[in-house]
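Read the structure below first, then the notes.
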Amino acid sequence: MSGIPFRSFSDLSPTAWVTTQTVVTQVIGLALFAVQAPLLGPTAFGLFSFVMVFVGFCELVLNSGVTDALISIRSIEARHFEVVTTITALFSLLLGVLVFAGARQLADFCGQPTAYPLFRWMAVLPLITSFAAAPNAAAKRDMLFRPLAIRAILGWLAGGTVGVVLAVRGAGAWALVWQVLVQRLVSVVALWICVPIKLRFAWSPRHFVDVWRFAVPVILASVMGWASGQIPRLILGIYLGPMDLGLYSMAARLNDILVQAAIVPSTVVARVSLRHFDGNSQGRDERISDILRRMSILCFPFAVGGAALLPPVFHVWLNPQWFGGILPSELMLLMGVPLVSVYMINAVLLAFNEQHYDAIFSTLQTLLIVLLTLFFARFGLLIAVAAIALRPVLMLPVQLALLARRCALRASVLLSSQMPALAAATLAAALVCLVRTPLEARFGSVPTLLLLALAGVTVYAVSLSLLSRQGAAILGKGLGLMRRSAT
């Protein structure tokens, strides 16, 4: 690993590296969207979302399934990685050929017959991303999150540069297509350079069975996760057209930024680290409470406070054709509150090899979101998004009951550690909502946004310090790090 750059940061913890990866890539993604959204408009993003519904299947389903399977195998061998590389490449190649051959039919099905060239070019994406599964699992098994962060950041920088240049030159949805192709290609190449395993193809029935035994329930859960994210896009696009689909894609992207930056880093590491607490319920519960406390302190001000700040953000950032996405975006940000518990429950189930229950819940949640979207899409974008945002709240009691039965983990362990941050974020958001309209009418959008952000952060920090000693300690540690970095 001596050839990996950024060696001065080698002392960062795994959680810090995952956080660095997600924060940096999401900041880059948000910056790209900030530049491209006014240039391309919601229709271009809607067309691109149509295409990604189909070609994103391999990356979100097969790769995540075999990656988790490789992590779960206790006695791993090099042949396991080689078999995974072989089967993912073959499956992805087959899927890519099917997408390319059926490009016209897929475009017609989506009601966008002119989009078929986009499908054909994006058909190569599954094959590119399939080569990331083995090195991704190898790095995660050994808690080597640094190479994962490096390859993700490099990919986003390379793809983002291409996407912005093409958007400025008036390429429309093609700017997004080439952005994602370049991003995935660069990240895969960088990952193989950083991770010390060899790119080889092999076949072994025994090793395939080892992988398949763990992969099946995870793949099923991933299929449901993919369906819960992509099928609503397809339904909304067919019912409402690419314009509203572009608005929904923006709202979903804000939710994804929140989840990836504030929730996923901790749960990715927890999924591995909690395996060491088998049989030690007290230590496990304390560890889970600590993870949830830190997650909620980071997530809730962006979910609740961010929703309160969105109207002036839109007025400063975007043109009026995007304003119809304000309320849907607020709802999708608020969905981050129950998702903290949902993601932690999934991490606990996977840590204790309860993959089949994770698959069952993923299936139920997917069925629920598809049914909700099918029923409410006819009433317009806002009603449909409200139903989608309500889905994790409806499922959470069932998940908590299962966790108590299978892992002897009480709901109070999960929920009580989140309450101080939620209360503090709610108080800050209430203040922002109360003074937002009169301030914007008097001072304009830019000064109002700055004043509201400062007031919200101040109220949140003070409230959290009063409500939670642990929250005050975490905030104090963060301020200390900021002071040291400034000096």
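Just subtract the alpha-carbon distance of residue 97 and residue 169 from 0.36 nm times their residue separation and send over the number in nm, one decimal. Working shown, then result.
Numbers: separation 72, 0.36 × 72 = 25.92 nm, distance 3.04 nm.
In short, 22.9 nm is gained.
On a full-extension model of 0.36 nm per residue, what is the gain between residue 178 and residue 430, subtracting their alpha-carbon distance, rounded to one decimal in nm? All intermediate terms of the calculation are to be shown ahead of the outcome.
Details: separation 252, 0.36 × 252 = 90.72 nm, distance 4.19 nm.
Taking residue 178 through residue 430 to full extension adds about 86.5 nm, to one decimal.
Where Lys and Arg each count +1 and Asp and Glu each count -1, what net charge lies around residue 249 among other residues with Cβ under 12 Å from its Cβ? Numbers along the way, then the final one.
Numbers: positive: 233, 253; negative: 244, 256.
Every neighbour counted, the sum reads 0.
Let's test the formula: R0 of 56 Å, r as the Cβ-Cβ distance of residue 213 and residue 443. What FRET efficiency results, to the nearest 0.05?
0.35
Calculated from DSSP H runs of 4 or more alone, at -39500 (n - 2.57) each and per residue, what is the 222 nm mean residue ellipticity of the chain, nearest 500? If you can, show how the numbers build up before the last one.
Details: 23 runs with 401 residues, N = 487.
Taking each H run of at least 4 residues, the total per residue is -27500 deg cm²/dmol.
Multiply the residue gap between residue 200 and residue 316 by 0.36 nm, knock off their C-alpha separation, and tell me the result in nm, one decimal place.
Numbers: separation 116, 0.36 × 116 = 41.76 nm, distance 5.07 nm.
Going from the current span to full extension adds 36.7 nm.
Got a sec? Which residues in region 287-319 would a label at residue 455 touch, if it sits 7 Å along Cα→Cβ and we count backbone N under 15 Å?
Answer for this model: 305-306, 308-313.
All other residues with a Cβ under 14 Å from the Cβ of residue 371 taken together, and with Lys, Arg as +1 and Asp, Glu as -1, what is their net charge?
Charge balance in the 14 Å sphere: +2.
If each of residue 379 and residue 108 carries a label point 7 Å out from its Cα toward its Cβ, how far apart are those two points in nm?
Between residue 379 and residue 108, the label points sit 3.5 nm apart.
Suppose R0 equals 22 Å; then what is the FRET efficiency for residue 75 and residue 406 from their Cβ-Cβ distance, rounded to the nearest 0.05?
After rounding, the FRET efficiency stands at 0.30.
For the chain, what does the equivalent ellipsoid look like in terms of its semi-axes, each the square root of 5 times an eigenvalue of the Cα gyration tensor, given largest first in whole Å?
For the chain, the semi-axes come out at 33, 30, 23 Å.
With a 1.4 Å probe and all protein chains left in place, how much accessible area per residue does the chain have, in Å²?
On a per-residue basis, the chain sits at 43 Å².
Can you tally the net charge around residue 302? Count Lys and Arg as +1, Asp and Glu as -1, for every other residue whose Cβ sits under 15 Å from the Cβ of residue 302.
So the environment of residue 302 carries a net charge of 0.
When the accessible area of the chain is computed with all protein chains present and a 1.4 Å probe, what percentage of it is carbon and sulfur?
69 percent
The values are calculated or read from the model by the stated rules, or taken from the named source; none is laboratory data. Owing to the predicted nature of the structure, the values given are computational and were not obtained by experimental measurement. Glycine gets a Cβ as well: all are built from the backbone with ideal geometry, and neighbour counts include every protein chain shown. Note: areas computed on protein heavy atoms with side chains; ligands, DNA, RNA excluded. Shrake-Rupley method; radii C 1.70, N 1.55, O 1.52, S 1.80 Å.
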